[in-house]
């Protein structure tokens with residue numbers, strides 16, 4: 001697999017060597033800050049979105065530090081041989097003093113929220129099992145069973161519940177020039 005440094009990538013873009021830059025991080029990570037010009041095709045969607053990548057241009061894969069991009073490059077190996085990975089990812093881009101594009105103020109991804117909530121419940125169950133009553137250990141077992149079920153079925157009740165929390169609701173914004181009392185003003 002070919003790796004390309006930030007300086008090589010910059011030099012290639014100023015010349016006639018063009019490439020399609022693909023950020024393989026989650027949508028919320030991408031929105032929080034990405035390399036200008038990179039399109040977002042999350043790692044877990046790559047196989048189903050191969051047609052979203054240019055057939056004419058080589059592809060440079062980008063993630064936070066390079067690990068996920070390397071994994072995706074290995075997955076793409078049978079499909080194409082013109083794939084490179086940005087060495088050090090967006091971390092290296094920032095260290096080189098280059099700007100990132102922030103699409104929006106983002107919240108944690110739902111997947112990250114589920115991992116945090118599940119982890120906290122497991123720790124709570126174990127701690128209370130030792131301190132209060134051993135039956136609290138069942139909480140940890142219940143959460144583990146739920147995570148196993150979610151992994152097998154791709155149906156996660158905890159994710160659905162967290163998705164309904166107020167901090168995960170739609171954000172409202174005001175359109176520039178909207179009249180006072182208009183629906184967009186009332187929602188904002």
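None of the figures in this text is laboratory data; all of them are computed from the coordinates on show. Not measured: the values here are computed from a predicted model. Cβ coordinates were reconstructed from backbone atoms using ideal geometry, including for glycine residues, and neighbour counts include every protein chain displayed.
When restricted to residues that are surrounded by fewer than 19 Cβ atoms within 10 Å (Cβ to Cβ) and in contact with a helix residue (DSSP H, G or I) (Cβ under 8 Å, 6 or more places away or on another chain), the range 70-86 contains 3.
Among the residues in the range 45-56, are any crowded, with 16+ Cβ neighbours inside 10 Å, within 15 Å of residue 21 (Cβ to Cβ), out of contact with any helix residue (DSSP H, G or I) (no Cβ under 8 Å at 6 or more places or on another chain) and free of Cβ contacts under 8 Å to residues at least 40 places away in the same chain? Scanning the range 45-56 turns up at least one residue that is crowded, with 16+ Cβ neighbours inside 10 Å, within 15 Å of residue 21 (Cβ to Cβ), out of contact with any helix residue (DSSP H, G or I) (no Cβ under 8 Å at 6 or more places or on another chain) and free of Cβ contacts under 8 Å to residues at least 40 places away in the same chain.
Pairs meeting the criteria (first residue in the range 1-14 and closer than 17 Å to residue 90 by Cα, second residue part of a helix (DSSP H, G or I), beta carbons under 6 Å, at least 6 apart or on different chains) are 6/92; 6/93. Go through the range 28-44 and give me each residue that's surrounded by 20 or more Cβ atoms within 10 Å (Cβ to Cβ), touching a helix residue (DSSP H, G or I) at 6+ places or on another chain (Cβ under 6 Å) and under 17 Å from residue 102 (Cβ atoms). The answer is 35, and nothing else.
With the condition being within 30 Å of residue 168 (Cα to Cα), I'd like the helices (runs of 4 or more DSSP H) fully within the range 1-120 carrying at least 3 qualifying residues.
Qualifying helices (runs of 4 or more DSSP H): 27-32, 67-76, 89-95.
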